Amino acid sequence: MGAGQGAGAEGVKLIGLAFQNKMVADLRGGASGTMSVEQMKEAGIEAWTIAGFINMHGSAAAQGSGERFEASKAALRNTVIITDESSMVSSRDMLRLTAIAEQLDVAKAPFMGDRQQLSAIEQGKMFAVSQAAGQATVRMDENIRQRNSPLLLAVAGLSNEGHASLALDLLAAHGRVIEAGQHHVARAAELWLSLSPEKREATAIFTAGRDDRTQINSLVQQGLLQEGALRGEGIALTTLQSANVSREELRFASTYRRGQVLEARMDVREIGLARGEYAILDIRKDGKVTLEKSGKRLSFDPDRIDPDHKFDRLGLYDQKSIRIHDGDTVF
């Protein structure tokens, strides 16, 4: 699916967009290692998060004219913008991306993905709805990744048709499923650590939630330290992890917790917040949230947040402490 006019292949640039930083790392070659970031730039290929791209070009495109509009239009001239895993894109963001493509005369802006996979965190499933409404669509039914493995090709076919249980039964029949019950976290880390360094590079661990992921990461890190693949005492860091809440949820005091961080990506005038990061100190009985920034305290009423504003101005994050060592891989 796409918006904009066609362009010739000569001199065309490519921008890949994805919902999360990890997906962007994969688009930049992190998963395959076939091209470095520098090589991609030399080839006219870039990768961004959807939010970063919209923040960069959205307001300029909306102006319709002027210096910023012309600068964004020039930057995206002869550019194809491909959005990956589009089932995860909210209706609001898909509208913004389409508007940017049309306003800045982008060569093409196709959306790629599988509507049967993960849905958007925010409202809307426009990727599926637009196809149901008759949007021009090209289907890729041939599985390229598994074409050299009849077993994996059959599993992929069953999964694509919604028969996940049968797909697992088929894998189990070929000895490809290991059940570990309540010890599945430790078993997953143990299996990965048992692989050779070459196979580790090509093997990912997927979990059902953040808690499992945190435990597995810790167990794998401990194993790598014991075998000497990681070195040193490490550096303690505090990272911010998205609380994965919608814009509507941000309008309720019950959404917030002490110790979280609220990011204002731009000024939010109706609640008196300037752009920046704020530590959440307290949730008051009157429904207001107390914040602190640079030693100054202030309170705001989440109910006053404008639900119809066109930009995602606020982000809520949990603080997470981690320790990284020399040799750790960080996405």
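Readers should treat all values here as calculations from the given coordinates under stated rules, not as data from a laboratory. Because the structure is a prediction, the values reported are computed rather than measured. Glycine gets a Cβ as well: all are built from the backbone with ideal geometry, and neighbour counts include every protein chain shown.
From the alpha carbon gyration tensor of the range 239-322, can you work out the equivalent ellipsoid semi-axes (sqrt of 5 times each eigenvalue) and give them in Å, largest to smallest?
Taking √(5λ) for each eigenvalue gives 17, 15, 13 Å, largest first.
If you scale each eigenvalue of the Cα gyration tensor by 5 and take the root, what three semi-axes come out for the range 54-103, rounded to whole angstrom and sorted largest first?
21, 12, 7
Quick check: convex hull of the Cα atoms in the range 191-281, volume per residue, rounded to a whole Å³?
Residue-normalised Cα hull volume stands at 165 Å³.
Between GLU263 and GLU249, what is the spin-label point distance in nm, taking each point 7 Å from the Cα along the Cα→C-beta axis?
Roughly 1.6 nm, to one decimal.
Counting other beta carbons within 10 Å of each residue's own, what order do VAL177, VAL106 fall into, fewest first?
By the 10 Å Cβ count, ascending, the order reads VAL177, VAL106.
Restricting things to alpha carbons, find the Rg to Rh ratio for the range 133-214 using the Kirkwood radius for Rh.
1.05
Kirkwood Rh, Cα Rg: Rg to Rh for the range 179-229?
Reported Rg/Rh (Cα atoms, Kirkwood Rh): 0.95.
Using Cα positions and a limit of under 24 Å, work out the lysines in reach of LYS199, with same-chain residues fewer than 8 apart set aside.
Cross-link targets: LYS22.
Are any of the pairs LYS125/LYS288; LYS125/LYS310; LYS73/LYS310; LYS73/LYS293; LYS13/LYS125 more than 25 Å apart by Cα-Cα distance, and if so, which?
LYS125/LYS288; LYS73/LYS293; LYS13/LYS125
Listing PHE69, PHE252 from the residue with the fewest other Cβ atoms within 10 Å to the one with the most, what is the order?
Fewest-to-most Cβ neighbours within 10 Å comes out as PHE252, PHE69.
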